[in-house]
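Beneath this line is the structure, given in structure tokens, with notes to follow.
Since every read-out is calculated from the coordinates, none of them should be taken as a lab result. Remember, predicted model here, so these are calculated numbers, not experimental data. Cβ sites come from the backbone with ideal geometry, for glycine too, and all protein chains shown count toward neighbours.
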Amino acid sequence: MPILPFPGPSVLRRIAVFFLLMAICGLLAASPAPAGAPYHGNTNSHKFHSALCRYYNCPHCTRIFQTRDEAIAAGYVPCRVCNP
Ligand SMILES: [Zn+2]
């Protein structure tokens, strides 16, 4: 009799539990917006945006700031839409 390529039920249960735990961890990690979320600075207009702004991922918003002070120190001004 050939060896079955399929794992036994106990192994399947462990795999299921593993994926369930991974899903829970993913939900916990994704649900709250992290405090002190980084800002995106527009390298063209020198304005910076919060993570909730609709311009956050604009084509020129490639400069990343960890704090508001960091953006201002770099000569960037707060966006008038999101007012970070
Ligand atoms: Zn903005």
Subset of region 39-84 that is among the polar types (S, T, N, Q) and within 11 Å of the ligand (Cβ to nearest atom) - its residue that is farthest from the chain's Cα centre (by Cα): Ser45
Mind checking which residues of region 52-71 are of a type in the set (A, V, I, L, M, F, W, C) and either assigned to a strand (DSSP E or B) or surrounded by 14 or more Cβ atoms within 10 Å (Cβ to Cβ) (or both)? Cys53, Cys58, Cys61, Ile64, Phe65, Ala71
